[in-house]
Amino acid sequence: MRIVIIGAGVAGCVMARRLALLGGVEVTCLERVSRDDHSEAGTGLNVGPNAVKALSLIDPDLTDRITEGSFFWRNWRISLTDGTVLFDLPLTRVAEGPGWRIRWSELYRILRDAAEPHISYGCEITHVGRDSADPRKTSIAWTQNGLERRLDGIDLLIAGDGRYSSVRRTISGEPGVRHAGVAIFRVLVPDTSGGLIDDYEQWFNGPNRLLAFRVPPGHVYIAGSFPIAPEAPITDGMKAPGVLRAAYTPPGAPPSDQARWMIDVICRNSTETHWARMQEHDVQYRAADCNVLYLGDAAHGMVPTLGQGATQALEDAATAATLITKRYNSGSRDIGGWLKEFEALRQDRMRFVMEFSLDATDTMLAGADPVEGTGHKNEAPFQNRLKALYRDVGLPSQETAP
Ligand SMILES: Cc1cc2nc3c(=O)[nH]c(=O)nc-3n(C[C@H](O)[C@H](O)[C@H](O)COP(=O)(O)OP(=O)(O)OC[C@H]3O[C@@H](n4cnc5c(N)ncnc54)[C@H](O)[C@@H]3O)c2cc1C
């Protein structure tokens, strides 16, 4: 059986590593960038306890390697930028274990090392399409080091090529996109806070929000956000240091020591920050009429409010790898059937995660009152949804195999 994975990101690496263990399966993972290119190096990730749980069920060794490159995420605090604490949640109340705090570049390094030797780097895809001999199969062509390469008769094509997945666009068309009306920026800086910043925290001034946590080795990740009109561009004026300082400085009181440090850092590093608009894409896990599986951001771009992007890419990959391994090892070669089964396992879960992420964005929208909104996050309905988010990963290993 021939399986091709496009993209050696979060989902792609986990799939390449697990599927390569299947006897008689040829696994090829094609990655566009070079081995050490980390275009998102200036980012830290908080990865949810649900991903730690899902990955540890299928790959304890890889889980340990990520743990070694991370700090645990054990607590979530929300305050105002004047220091008033609104919400202080040890994750043990809603999850079975901690999450991770890690540099994006470090996560990629660990995942790519773990998926060697199945990844080919520097591959520029030039063609993706249905195979001429069997329309359920696919063909792919690419160039690497100036050479043209091609694979036909692909039994299963897995798109792990991220938010702007060209495989999904080519095979299934453009996904619908919705803007949440929030601008976000991020910066990763050496930790000069003198211990002010450690575990995951958020600070509000009106709907304008700062978020920060410490990641190894010796860095702090800061992300800021503020409302904008949905679809509106982020202008240079919005990025000016004076405007950012005003956005996060509380009106009637001095900023807390934490807020003051972060505001100074983002103003000093305003030319280094990466900017984006919060948006989500329609969910689609498989092509309608051929054996193509979409995983991670290729299947579902979501708003980052609950830190579930990489988290769900890991959950997707853990579920898909478990299911494919079970079905393959039990003798099934009905790949279309595997993909339908995977979709049935993941679709409702993903709708829940995306909806919850969007609902949790309420305090970041224009006109929001973070005190009232965060108050609701202390109540049972929100915390019960968090429990479902962090605990109910629903891997097929938890059900009886047919
Ligand atoms: C600023 C920011 C902060 C974030 N914070 C968090 C967070 O705190 N927690 C969290 O869980 N998530 C977070 N996310 C989201 C998270 O990073 C993504 O959801 C996650 O990386 C998706 O994983 P993936 O495997 O789907 O794709 P990716 O990890 O994006 O990997 C896609 C891979 O495909 C490759 N590729 C793309 N196109 C091609 C092509 N044509 N041919 C070959 N290869 C290709 C890319 O180079 C890349 O290696 C954040 C995202 C951003 C932008």
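The values are calculated or read from the model by the stated rules, or taken from the named source; none is laboratory data. Keep in mind that what you see is a predicted model, and the values were worked out from it rather than measured. Every residue, glycine among them, receives a Cβ derived from its backbone with ideal geometry; neighbour counts consider all protein chains shown.
Exactly one residue out of Met364, Met354, Met350 is modelled with pLDDT of 95 or more and within 27 Å of Pro250 (Cβ to Cβ): that is Met364. Sub-8 Å Cβ pairs linking a first residue in the stretch 332-350 that is surrounded by 14 or more Cβ atoms within 10 Å (Cβ to Cβ) to a second residue that is part of a helix (DSSP H, G or I) and of a type in the set (S, T, N, Q), at least 6 apart or interchain, are Phe342/Thr319; Leu345/Thr319; Arg346/Thr319; Met350/Gln312, ordered by first then second residue. When Gly176, Gly195, Gly153 are checked against the criterion of being surrounded by fewer than 22 Cβ atoms within 10 Å (Cβ to Cβ), at pLDDT below 95 and either touching a strand residue (DSSP E or B) at 6+ places or on another chain (Cβ under 8 Å) or farther than 29 Å from Glu31 by Cα (or both), a single residue qualifies: Gly176. Which one of Val27, Val52 is more than 9 Å from the ligand (Cβ to nearest atom), among the aliphatic types (A, V, I, L, M) and farther than 23 Å from Leu151 by Cα? None of the others qualify; the one that does is Val52.
Taking the stretch 81-109 as the range and being more than 16 Å from the chain's Cα centre (by Cα) and assigned to a strand (DSSP E or B) as the test, the residues that pass are Val85, Leu86, Phe87, Asp88, Leu89, Pro90.
Among the conditions (1) surrounded by fewer than 17 Cβ atoms within 10 Å (Cβ to Cβ); (2) part of a helix (DSSP H, G or I); (3) within 13 Å of the ligand (Cβ to nearest atom), Ala318 misses just one, which is (1).
Of the residues Arg112, Arg150, the single one that is under 28 Å from Arg2 (Cβ atoms), within 16 Å of the ligand (Cβ to nearest atom), among the basic types (Lys, Arg) and in a strand (DSSP E or B) is Arg150.
May I ask you to list the residues in the stretch 17-33 that are in contact with a Ser or Thr (Cβ under 9 Å, 6 or more places away or on another chain) and crowded, with 16+ Cβ neighbours inside 10 Å? The answer is Arg18, Leu19, Leu22, Thr28, Cys29, Leu30, Glu31. Kindly establish whether Asn46 is modelled with pLDDT of 95 or more, under 24 Å from Gly373 (Cα atoms) and within 15 Å of the ligand (Cβ to nearest atom). So Asn46 passes the test. Tallying residues that are in a helix (DSSP H, G or I) and surrounded by 15 or more Cβ atoms within 10 Å (Cβ to Cβ) within the stretch 366-375 yields 3. When the stretch 281-291 is filtered for residues that are within 14 Å of the ligand (Cβ to nearest atom) and at pLDDT 95 or above, the ones remaining, listed by number, are Val283, Gln284, Tyr285.
Based on this model, can you work out whether Ser165 counts as of a type in the set (Ser, Thr, Tyr), more than 21 Å from Thr311 (Cα to Cα) and out of contact with any Lys or Arg (no Cβ under 7 Å at 6 or more places or on another chain)? Taking the combined requirement at face value, the residue does not satisfy it. Going by what's in this entry, would Gly301 be described as in contact (Cβ under 8 Å) with a residue 24 or more places away in the chain, outside any helix (DSSP H, G or I) and surrounded by 16 or more Cβ atoms within 10 Å (Cβ to Cβ)? Taking the combined requirement at face value, the residue satisfies it.
Pairs meeting the criteria (first residue in the stretch 40-62 and closer than 23 Å to Thr92 by Cβ, second residue of a type in the set (Asp, Glu) and buried (at least 24 other Cβ atoms within 10 Å of the Cβ), beta carbons under 8 Å, at least 6 apart or on different chains) are Asn50/Glu315; Ala51/Glu315; Ala54/Glu315. Scanning the stretch 116-147 for residues that are within 11 Å of the ligand (Cβ to nearest atom) and within 27 Å of the chain's Cα centre (by Cα) yields Ile119, Ser120, Tyr121, Gly122, Cys123, Glu124, Ile125, Thr126, Val128, Ile140, Trp142. Do we have Ile58 as β-branched (Val, Ile, Thr) and either within 14 Å of the ligand (Cβ to nearest atom) or buried (at least 23 other Cβ atoms within 10 Å of the Cβ) (or both) here? So Ile58 fails the test.
Kindly indicate whether Ile78 is near the ligand (Cβ under 10 Å from one of its atoms), modelled with pLDDT of 95 or more and not in a helix (DSSP H, G or I). In short, no. When you look at Ser70, is it without any contact (Cβ under 8 Å) to a residue 24 or more places away in the chain and either touching a His at 6+ places or on another chain (Cβ under 6 Å) or within 30 Å of Glu201 (Cα to Cα) (or both), yes or no? Against the criterion (without any contact (Cβ under 8 Å) to a residue 24 or more places away in the chain and either touching a His at 6+ places or on another chain (Cβ under 6 Å) or within 30 Å of Glu201 (Cα to Cα) (or both)), Ser70 does not qualify. The set of residues from the stretch 376-391 being surrounded by fewer than 19 Cβ atoms within 10 Å (Cβ to Cβ) and over 30 Å from Asp82 (Cα atoms) comprises Ala388, Arg391. Exactly one residue among Arg245, Arg209 is surrounded by 15 or more Cβ atoms within 10 Å (Cβ to Cβ), modelled with pLDDT of 95 or more, among the charged types (D, E, K, R) and assigned to a helix (DSSP H, G or I), and that residue is Arg245.
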